[in-house]
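Where a number appears in this text, it was derived from the coordinates with a stated rule and is not lab data. Small disclaimer: the values here were computed from a predicted structure and weren't measured. Cβ sites come from the backbone with ideal geometry, for glycine too, and all protein chains shown count toward neighbours.
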Amino acid sequence: MLIAHRGDKIRHLENTIDAFEGAHSLGACAIQTEIQFSADDTPWCFHEPHLRTGGGRLRPFYQLRDRELSQTPLNRFAEVVDWAGRHRHLDWFVELPADVLERMGTDAAVAPVVSQLLAHSDSFALLTRDFRSLRMARNLGCHQVALKVSSVAQSLSAGVVTLAPDYLLIRDSRIDCEELPPGPWQWVVYEINSPEDAVRWRARGAHHILTGNLPLLMRSREASDVYGF
């Protein structure tokens, strides 16, 4: 599976419906996005904890009201879920960053996101580095969870084995072994932006790759042959 990191961010503003439309039109199998919360506790698709607003001022995202954010190209998570409902063949990885979980707490961050994706939970996986968040998501009915790990050794820990997430995500530079060890999960390696690396990581045990250069990989016959897109 080829996962578009924040959509087609080469040709569009990342983490927007335009970027997701672009990824869909190119033939992506899945899309990854991140969540930040506004001052109104509304989840929006955005990566950074700060947003540059009018006049070039950098402001904490959580201090911005929905009415202000509505004047930007950004999209509420609810809008993205609605769009995803019309493209049910796409899989999604929805990430709650560590800064959001730390500021809001697990319950306040996880519950509203899971409640919105439950209508399409078969195609959505909640993604975090936090075990408690993923256990809570499962208890709330989320069918798939994905855990970011910092090392291959972490995947062999009791906590990961007990959680048994559906996916493990790991940065390519953090892999210190020749082949990714098997488990009840599927490995996702990120961020892979060349066909040569895509082929190489498949041979080393990656089931899927997360890419920030979707147009390039979609044109690659070699990557297509090994990932089947």
Listing Thr72, Thr16, Thr33 from the residue with the fewest other Cβ atoms within 10 Å to the one with the most, what is the order?
Thr72, Thr16, Thr33
Run the paramagnetic zone check for Ala108: 7 angstrom along Cα to Cβ, then residues of the stretch 7-39 with backbone nitrogen under 14 Å.
37-39
Please say if the stretch 98-154 is rounded, prolate or oblate, where rounded means a/c under 1.5 for a ≥ b ≥ c the square roots of the C-alpha gyration tensor eigenvalues, and otherwise the choice is prolate for a/b larger than b/c and oblate otherwise?
oblate
Past the 18 angstrom mark, what percentage of all C-alpha to C-alpha distances in the stretch 89-229 do you count?
57
Backbone HN-Hα couplings from phi across the stretch 86-102 [Karplus 6.51/-1.76/1.60, Hz, Gly and Pro as x]
9, 9, 6, 7, 8, 9, 9, 10, 10, 9, 9, x, 4, 5, 5, 5, 5
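Take the alpha carbon gyration tensor of the stretch 170-229, find the square roots of its eigenvalues, order them as a ≥ b ≥ c, and report rounded if a/c is under 1.5; if not, report prolate when a/b exceeds b/c, else oblate. Before the final figure, lay out the partial values.
Numbers: a/c = 1.96, a/b = 1.61, b/c = 1.22.
Prolate, since a/c reaches 1.5 and a/b exceeds b/c.
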Residues Asp41 and Arg174, FRET efficiency given R0 of 25 Å [Cβ-Cβ distance, rounded to 0.05]
0.15
Cα gyration tensor, the stretch 42-142 - rounded (a/c under 1.5), prolate or oblate:
oblate
How many percent of DSSP beta bridges within the chain run antiparallel, rounded to 5?
20
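How much length, in nm to one decimal, is gained on full extension between Arg86 and Ser194, taken as 0.36 nm per residue of separation minus their Cα-Cα distance? Please list the in-between numbers first.
Numbers: separation 108, 0.36 × 108 = 38.88 nm, distance 3.02 nm.
Full extension of this stretch gives 35.9 nm more.
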Report ³J(HN,Hα) in whole Hz for each residue of the stretch 162-170, in order, from the Karplus equation J = 6.51 cos²θ - 1.76 cosθ + 1.60 where θ = phi - 60°; Gly and Pro get x.
5, 5, 6, x, 6, 9, 10, 10, 9
Net charge of neighbours whose Cβ lies under 15 Å from the Cβ of Pro181, counting Lys and Arg as +1 and Asp and Glu as -1:
-1
